[in-house]
Amino acid sequence: MASNQDGVNDVYETVFPRLWRDVCGDYLNFGYFTEECSNMTEANENFVNWIIKKVGINESSRLLEIGCGRGAYAINISKQTGCSFVGLDILPRFIEEGQELMKQHGVEDKGKILIGDMTKLSDVVGGQTFTHVLTLGCCFYIHDSMDAFLEQLREFCEPGAWIVNQDFSRTVSVDKIRPVMRHWRTEGETLETTAYLKKIINSGYQLQYYNNDNNDFAKRSIETLCSAGSKLVESGELPKDALTFPILKDAMEAGEIIYNTFIFRR
């Protein structure tokens, strides 16, 4: 896990801060594009609404967002529904920014953003349990320990709890996507799609929804990031070798990597 954690630090501390902020605003995910969405912030706001309706989040819900970044999803869901929430991320800068974002949206009394390791949830959330869990684009760093992660997650889920997971998977051999893994700064495994689904089911969860329809949205988002990144490279604000999104874009266009939405229940 150490090398994977180093990858998280590198990507989000040294490579993406300006790029993600410029393109995505407070969010760190691809969102759901519709004809009405003109940018990635609007696409992510659209996805917030989709999640609320899809898994029935309301005022009595208790939401855990793992790998939350600035906590924009949990914060905006709470703002709309009144639910309580806990956000968890490994990077101190995101915790600080998330706490400020809570104040901006007036939800300080509804939740908290905590620092911690997603593979050691008990160290952070203790004996709390939740009705809804979000893992949006964070699990690809722990594919080689996914069984253990899914097992520990059960402890923090109420019976019948909903888990919304978005993640990449591969359709070809691991060796063929090594360049993409270097884009993610990880030396860990990347799961094949069918194997990913089996892990969820074999861990005792009930799969409610699976679709890779967001794959097209993700490709559109990555194209936007590539374009914005190229401008930063041209202006000298981003080193050329740091812009690796084109590697991911090529792999997705070739169908070697896909972005999936998994919804399952305890």
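Details
- Residue in region 156-175 that is touching a residue at least 60 places away in the same chain (Cβ under 8 Å) and farther than 29 Å from ASN49 by Cα present: yes
Yes or no, residue by residue, for (1) more than 17 Å from LYS103 (Cβ to Cβ); (2) open to solvent by less than 10 Å² (accessible area, probe 1.4 Å); (3) polar (S, T, N, Q); (4) at pLDDT below 95:
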{"site": "ALA43", "(1), (2), (3), (4)": "yes, yes, no, yes"}
{"site": "ASN46", "(1), (2), (3), (4)": "yes, no, yes, yes"}
{"site": "ILE52", "(1), (2), (3), (4)": "yes, no, no, no"}
{"site": "GLY56", "(1), (2), (3), (4)": "yes, no, no, no"}
{"site": "LEU64", "(1), (2), (3), (4)": "yes, yes, no, no"}
{"site": "ALA72", "(1), (2), (3), (4)": "no, yes, no, no"}
{"site": "ASN76", "(1), (2), (3), (4)": "no, no, yes, no"}
{"site": "LYS79", "(1), (2), (3), (4)": "no, no, no, no"}
{"site": "LEU88", "(1), (2), (3), (4)": "yes, yes, no, no"}
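- Within region 92-115, the residues that satisfy the criterion of being farther than 16 Å from ARG62 by Cβ, of a type outside the set (D, E, K, R) and surrounded by fewer than 18 Cβ atoms within 10 Å (Cβ to Cβ) are PRO92, GLN99, GLN104, HIS105, GLY106, ILE115.
- Residues satisfying the stated conditions in region 186-218, i.e. open to solvent by less than 50 Å² (accessible area, probe 1.4 Å), in a loop (DSSP other than H, G, I, E, B) and closer than 17 Å to VAL174 by Cα: THR186, GLY188, THR190, LEU191
- Scope region 58-112; condition polar (S, T, N, Q) and under 19 Å from the mean Cα position of the chain (by Cα); matching residues: ASN76, SER78, GLN99
- Meets criteria (of a type outside the set (A, V, I, L, M, F, W, C), within 17 Å of the chain's Cα centre (by Cα) and part of a loop (DSSP other than H, G, I, E, B)) for THR135: no
- When ASP109 is tested against (1) outside any loop (DSSP other than H, G, I, E, B); (2) among the acidic types (Asp, Glu); (3) modelled with pLDDT of 95 or more, exactly one condition is not met: (1).
- Residue check, THR224 under 18 Å from PHE33 (Cβ atoms), open to solvent by 50 Å² or more (accessible area, probe 1.4 Å) and among the hydroxyl-bearing types (Ser, Thr, Tyr): yes
- Any hit, region 116-123, residues being touching a strand residue (DSSP E or B) at 6+ places or on another chain (Cβ under 9 Å), farther than 18 Å from ARG265 by Cα and not in a loop (DSSP other than H, G, I, E, B): no
- Residue in region 43-62 that is in contact with a His (Cβ under 8 Å, 6 or more places away or on another chain) and not hydrophobic (A, V, I, L, M, F, W, C) present: yes
- For region 204-216, a tally of residues being over 14 Å from ILE163 (Cα atoms) and touching a strand residue (DSSP E or B) at 6+ places or on another chain (Cβ under 8 Å) returns 5.
- Which numbered condition VAL233 misses (of (1) touching a Lys or Arg at 6+ places or on another chain (Cβ under 8 Å); (2) open to solvent by less than 20 Å² (accessible area, probe 1.4 Å)): (2)
The values are calculated or read from the model by the stated rules, or taken from the named source; none is laboratory data. These numbers were taken from a predicted model, which means no experiment stands behind them. Positions of Cβ are backbone-derived with ideal geometry, glycine not excepted, and every protein chain shown enters the neighbour counts. Keep in mind that these areas ignore ligands, DNA and RNA; they rest on the heavy atoms of the full protein, side chains included. Shrake-Rupley method; radii C 1.70, N 1.55, O 1.52, S 1.80 Å.
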